[in-house]
Amino acid sequence: MRITISALLIACCLVASPAFAGDLQGRVTDRSGGVLGGALVRLLNVASGEQVSVKADAAGRFKFFNLKIGIYRVAAAMTGFSDASRTLVLEREDESATLDFTLEIGQLKAEVTVSADRGARDTSTVPLRTDSLTADASRELTPTSTGDAIAAAPGVTLVGSGPFQTRPRLRGLDSTRVLVLVDGERLNNARTATDRAGAEVGLVDVDSVERIEVLGGAGSVLYGTDALSGTINIITNRPRLTELNVFSAGFDGFYSSNEDGRRGTVHLGMSTPVFAVSFSGGSERFGDYTAGKDFGESSQPLFDSGRLRRADTIDDSFGFKFGKFPDPFNAPFTRTTAHISNSAMEGSSANVGGLIKLGTSQTLDMKYTRRRATNVGFPDFAAPAFFQSITLPFSNLDKLSATYTATAITPWLTRITATSYYQRQDRLLRNQMPVQFPAPSATFFPISVFRRDVLSDTRQQVSTPGLDVQATFLTHPTNVLTAGMTLLRDRSEDERTTTRVTSQIGQVSVGPFGPAATVLPVPVVTGPPVVRSTAVCQASPADCEPARVPDASFRDAGFFLHDEWTASPAIRVTAGLRMDRYQVVTDATGGYSVDSLVVGATPAIAPATLPNVNGDRVNRTAFTGEAGVVVRAEAPVSLFMHYVRSYRHPNLEELLFSGPATTGNIVPNIQVQPETGHNVDIGTRLRFARAIGSVSYFNNTYDNFISTEVVSQTSGQSGISPISQAINLAKVRIQGVEAEGSAPVVAAGLQWLPMANISYNRGTVLEGTSPLSSLSLAGKPQDNITPWKLSVGLRVSDRRERWWASYGVRRQGEVTRVSPLLSDSPFLIAQDLFGLGGFSVQRAAVGYDWRNAGQQLGLTLAVDNLADVFYREQFQFAPARGRTVTLLVHVRGNR
């Protein structure tokens, strides 16, 4: 099948010939009418993706010759001035056009997105909210990781902390409900857990990032499952062809004072008119970080007030409690140091790329990525803050991709791309935790109390071959149709090894006044360590460690159509349809079991929800659609509206996980239904001579929202044990407003750029019932919703953009609408409550950027958390970094 498609594509390219139209000319001036010689004018063919550029002559004039029929984006730029862009439609072969540009003094950029329509488009013509962060803008932020860079977008808040674990939450959703792409290819995989987990964006080296695009609004039609709240496309550096032979070299260096962190990356490249190659490689090391200065928090008052309760190992199932054998879970703690343990990491990266020109309008682009992260800690998951320690001894990514592109094939078939890729994500999750339990004797008393220290290593290996083919058709000079298909298979295989050491910590015997507890001064080890592994399940069942998720494949075959119609100079309409065929196939996996976990469950677990351990299959077909309109895209005030029917298929964790969790057990549910949504965006964009901005409102309603909840319980000698299961808990609505604006001012020979953005979110459960209590959740707050986030800043630079300084403040409001699934949870911990507070943090930075004839030197010195505030990003387990001085060096040279 793949060979046939490739042969047809190549045949079309060899026999096709382009049709030419007229010319485009114009002039670039400033507001006073003064010519801007040397201004750079770029011309982008929207349908084919071809781009050319010229510099205006001494009279400010420019000209493009022999243009094809179609839709073009024309943009003019000049250092010290704001960009300007226009859309041009050529409908006849002999048509010529004139476009003049008047540039205003300032720093406003005409942005392009490649993610919103699967091709380069002016953001002003896209009917949804987009935010783009260029490499230059990212360097001014001195991010520790790619996750920190993504957080600069208005609708994004942070999940996780530390130099590797930071991930995005977009419009109130995170994890597998946000789709992360790397160069348009999925980083998400079906093995990743949902709820405060998600794709590890730290697997993308921040020094290799060219641009990050954040699309607010579901991307289900173009990209399939997971894009419920939006899509994040991380675009990396790729080699480019040049008119002359060019050799390039560079270096990026980063230092962070807080965690004594350092990162260095070397860049090498060569480009010619017919081929180009590039290499970048580096390493990094970060120690444990420190929180802010007011670190003296304590959870003890929460226990004293009764807000939190610590369980006793000898619980009510025995009819008495002592309090002398408290469960290690949720132990009270008082923070006595700003040091955040278990927050370090080390890593390395290597990227090799190649681009070959196969013909006049054909290229082959290849890239290999190797990323290694080692000794990655989960910040604060260690004593005394928590009873459990979690680390990633390693998390690795290997990816190989090749993209064939052909343009100008026929007058109506303007572009074909075919991308084949293979990626492998390999991570080892290490979990250390104690479990306490009582064991009555044959005569009931004495009751011995034991602690079992469990070290669990779970290696998760996911390999993903994928194929993405799309063709762009110019069906009319005003209409661009994109058709494509995507094929992928996530193959997941786990390996699990546990080491258990059991100790006696005390006993309960009958005293003169009834049962009496005795706590041993030192735990007494009762035997040698017991090691079990999934690797020996076939050969030695007695030493078998049950697999939590069976070997399985998640497959998707998707087909989509996306149409863009310039109905008139004032109206642009988009529409799309997609069909996906999803299939989950499980294999018989040694040690994978379910029945033992549900024996005696009250209420009983429905057998139909449990998979066949000898192998099972789940098939689903999904249809999604979208429609959007932009009115007066190039006017000072434009409007846009967008609707998407969104879709997310449950992942392997939700369908198949079976085994112990932090408390109790989780059992699978192969009948859990996909999440679907109705996503509506309405907004306006403002672009005046000296100010730009946007205001948008979104309303996302999701049916069959999946959540892992306690649905039953079992009782035995160790007491009552809860059973959780992924279920379609509720119908949820998340709505909000996002606004931003900037207005450059020239004064005292300097450029001043005040900026602000704000996002407001509100999440509500519309329908739903708590599984155990049967209480209605309707009208209750949705979990993980930051009410509002405000960022304001001021950037000052000289007219030539060599020296600059900036100051910014980010504030997030306190979470006052708390979901009862959190506040009333029997597993509520202090960190859940500490993570609801509001905070303000400040940042100051200065920089120098020198450029001359292909040479560049950039320096950035910044201070984050200027006031050294102790705070948590909301809904996060660990406190954030305290005051941090960062230094970034960026050097490039060409010859």
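Yes/no per residue for (1) in contact with an Asp or Glu (Cβ under 9 Å, 6 or more places away or on another chain); (2) over 30 Å from K731 (Cβ atoms); (3) crowded, with 16+ Cβ neighbours inside 10 Å:
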site: S774; (1), (2), (3): no, no, no
site: L794; (1), (2), (3): no, yes, no
site: R802; (1), (2), (3): yes, yes, no
site: S806; (1), (2), (3): yes, yes, yes
site: R810; (1), (2), (3): no, yes, yes
site: I829; (1), (2), (3): no, no, yes
site: D832; (1), (2), (3): no, no, yes
site: G837; (1), (2), (3): yes, no, no
site: Y848; (1), (2), (3): no, yes, no
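Please enumerate the residues belonging to the range 94-112 that are open to solvent by 50 Å² or more (accessible area, probe 1.4 Å) and at pLDDT 85 or above.
If the condition is that a residue be open to solvent by 50 Å² or more (accessible area, probe 1.4 Å) and at pLDDT 85 or above, then S96, T98, D100, T102 are the ones that fit.
Between E185, E91, which is surrounded by fewer than 22 Cβ atoms within 10 Å (Cβ to Cβ) and in contact with an Asp or Glu (Cβ under 8 Å, 6 or more places away or on another chain)?
Details: E91 fails: in contact with an Asp or Glu (Cβ under 8 Å, 6 or more places away or on another chain).
Answer to the selection: E185.
Output the qualifying pairs, or none if there are none: Cβ atoms under 8 angstrom, residues six or more apart or on different chains, first residue in the range 512-535 and within 30 Å of T458 (Cα to Cα), second residue open to solvent by 80 Å² or more (accessible area, probe 1.4 Å).
So the pair list comes out as S533/E495; T534/E495; A535/E495.
Please tell me if E564 is in a strand (DSSP E or B), of a type in the set (D, E) and in contact with a helix residue (DSSP H, G or I) (Cβ under 7 Å, 6 or more places away or on another chain). Before you say what the answer is, go through the steps one by one.
Values: in a strand (DSSP E or B): yes; of a type in the set (D, E): yes; in contact with a helix residue (DSSP H, G or I) (Cβ under 7 Å, 6 or more places away or on another chain): no.
The answer is no for E564.
Conditions tested, residue by residue: (1) touching a residue at least 60 places away in the same chain (Cβ under 8 Å); (2) within 26 Å of R491 (Cα to Cα).
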residue	(1), (2)
G664	yes, no
P668	yes, yes
R687	yes, no
V695	no, no
T701	yes, no
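Please enumerate the residues belonging to the range 812-827 that are open to solvent by 40 Å² or more (accessible area, probe 1.4 Å), hydrophobic (A, V, I, L, M, F, W, C) and without any contact (Cβ under 8 Å) to a residue 40 or more places away in the chain. Write out each step before concluding.
Start the filter on the range 812-827 by keeping residues that are open to solvent by 40 Å² or more (accessible area, probe 1.4 Å), which leaves 814, 816-818, 821, 824, 826-827.
Filter once more, so that each one left must be hydrophobic (A, V, I, L, M, F, W, C): 818, 821, 827.
Correct list: V818 only.
Each row is one residue, and each column tells you yes or no for (1) closer than 19 Å to V680 by Cβ; (2) modelled with pLDDT of 95 or more; (3) crowded, with 20+ Cβ neighbours inside 10 Å; (4) of a type in the set (G, A, S).
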| residue | (1), (2), (3), (4) |
| --- | --- |
| R578 | yes, yes, yes, no |
| V584 | no, yes, yes, no |
| V599 | no, no, no, no |
| N614 | no, no, no, no |
| T621 | no, yes, no, no |
| A627 | yes, yes, no, yes |
| V631 | yes, yes, no, no |
| P636 | no, no, no, no |
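Scan the range 244-303 residue by residue and report those that are aromatic (F, W, Y) and modelled with pLDDT under 95.
The answer is F295, F303.
Output the number of residues of the range 480-499 satisfying the condition of being open to solvent by 30 Å² or more (accessible area, probe 1.4 Å) and not charged (D, E, K, R). Before the answer, list the steps.
Pass one, the range 480-499, residues open to solvent by 30 Å² or more (accessible area, probe 1.4 Å): 481, 487, 489, 491, 493, 495-497, 499.
So of that shortlist, the ones also not charged (D, E, K, R) come out as 481, 487, 497, 499.
Qualifying residue count, the range 480-499: 4.
Filter the range 857-895 down to residues that are more than 30 Å from T816 (Cβ to Cβ) and either open to solvent by less than 30 Å² (accessible area, probe 1.4 Å) or of a type outside the set (S, T, N, Q) (or both), then give me how many there are.
Number of matching residues: 17.
Would you mention how many residues in the range 833-842 are in a loop (DSSP other than H, G, I, E, B) and closer than 21 Å to A331 by Cα? Before the answer, list the steps.
Keep residues of the range 833-842 that are in a loop (DSSP other than H, G, I, E, B), which gives 835-838.
From what is left, the residues that are closer than 21 Å to A331 by Cα are 835-836.
Result for the range 833-842: 2.
Working only within the range 71-113, note down all residues that are of a type in the set (S, T, N, Q), in contact with a Gly (Cβ under 6 Å, 6 or more places away or on another chain) and under 20 Å from R61 (Cβ atoms).
Keep residues of the range 71-113 that are of a type in the set (S, T, N, Q), which gives 79, 82, 85, 87, 96, 98, 102, 107, 113.
Filter once more, so that each one left must be in contact with a Gly (Cβ under 6 Å, 6 or more places away or on another chain): 82, 96, 98.
Correct list: S96, T98.
Could you run through the range 400-435 and say how many residues are open to solvent by less than 30 Å² (accessible area, probe 1.4 Å) and part of a strand (DSSP E or B)?
So the answer is 17.
From I666, I692, I720, grab the single residue that is modelled with pLDDT under 95, surrounded by fewer than 18 Cβ atoms within 10 Å (Cβ to Cβ) and part of a strand (DSSP E or B). Break it down stepwise before answering.
Values: I666 fails: surrounded by fewer than 18 Cβ atoms within 10 Å (Cβ to Cβ); I692 fails: surrounded by fewer than 18 Cβ atoms within 10 Å (Cβ to Cβ).
Of the residues listed, the single one that is modelled with pLDDT under 95, surrounded by fewer than 18 Cβ atoms within 10 Å (Cβ to Cβ) and part of a strand (DSSP E or B) is I720.
Quick one: in the range 857-895, of everything that is among the basic types (K, R) and outside any strand (DSSP E or B), which residue is nearest to A338 (Cα to Cα)?
Filtering first and then ranking leaves R881.
Out of all the residues in the range 377-396, which are part of a strand (DSSP E or B) and either in contact with a Phe, Trp or Tyr (Cβ under 9 Å, 6 or more places away or on another chain) or open to solvent by less than 10 Å² (accessible area, probe 1.4 Å) (or both)?
Narrowing the range 377-396 to residues part of a strand (DSSP E or B): 377, 389-396.
Answer for the range 377-396, where residues must be part of a strand (DSSP E or B) and either in contact with a Phe, Trp or Tyr (Cβ under 9 Å, 6 or more places away or on another chain) or open to solvent by less than 10 Å² (accessible area, probe 1.4 Å) (or both): G377, S389, I390, T391, L392, S395.
Give the residues of the range 51-81 that are under 38 Å from the mean Cα position of the chain (by Cα), surrounded by 20 or more Cβ atoms within 10 Å (Cβ to Cβ) and under 30 Å from G749 (Cβ atoms), sorted by residue number.
A75, A76, A77, M78, F81
Please determine whether any residue of the range 26-38 is of a type outside the set (D, E, K, R), within 24 Å of T242 (Cβ to Cβ), open to solvent by 10 Å² or more (accessible area, probe 1.4 Å) and in contact (Cβ under 8 Å) with a residue 12 or more places away in the chain.
Yes, the conditions are met somewhere in the range 26-38.
If you scan the range 514-538, which residues turn out to be within 41 Å of the chain's Cα centre (by Cα) and open to solvent by 30 Å² or more (accessible area, probe 1.4 Å)? Quick ask: steps written out before the conclusion?
Residues of the range 514-538 within 41 Å of the chain's Cα centre (by Cα): 529-538.
Hits for the range 514-538 are P529, V530, V531, R532, A535, V536, Q538.
Tally the residues that are closer than 26 Å to A880 by Cα and assigned to a strand (DSSP E or B), restricting the search to the range 793-832.
Total satisfying the criteria: 11.
Could you count how many residues in the range 113-162 are touching an Asp or Glu at 6+ places or on another chain (Cβ under 6 Å), open to solvent by less than 10 Å² (accessible area, probe 1.4 Å) and among the hydroxyl-bearing types (S, T, Y)?
Number of matching residues: 2.
Keeping to the range 266-305, report how many residues are aromatic (F, W, Y), surrounded by fewer than 18 Cβ atoms within 10 Å (Cβ to Cβ) and not in a loop (DSSP other than H, G, I, E, B).
The total comes to 3.
Considering each of V549, V584 in turn, give the residue that is assigned to a loop (DSSP other than H, G, I, E, B), touching a helix residue (DSSP H, G or I) at 6+ places or on another chain (Cβ under 9 Å) and under 21 Å from T225 (Cβ atoms). Give the derivation first.
Values: V584 fails: assigned to a loop (DSSP other than H, G, I, E, B).
The conditions single out V549.
Please list, ordered by first then second residue, the pairs with beta carbon atoms under 9 Å, 6 or more apart or interchain, first in the range 237-253 and touching a residue at least 24 places away in the same chain (Cβ under 8 Å), second aromatic (F, W, Y) and open to solvent by 60 Å² or more (accessible area, probe 1.4 Å).
Hits for this filter: P239/F275; L241/F275.
The values are calculated or read from the model by the stated rules, or taken from the named source; none is laboratory data. A quick note: this is a predicted structure, and the numbers were derived from the prediction, not measured. Backbone-built Cβ (ideal geometry, glycine too); neighbour counts: all protein chains shown. Areas reflect the complete protein model, heavy atoms only, side chains present, ligands, DNA and RNA absent. Shrake-Rupley method; radii C 1.70, N 1.55, O 1.52, S 1.80 Å.
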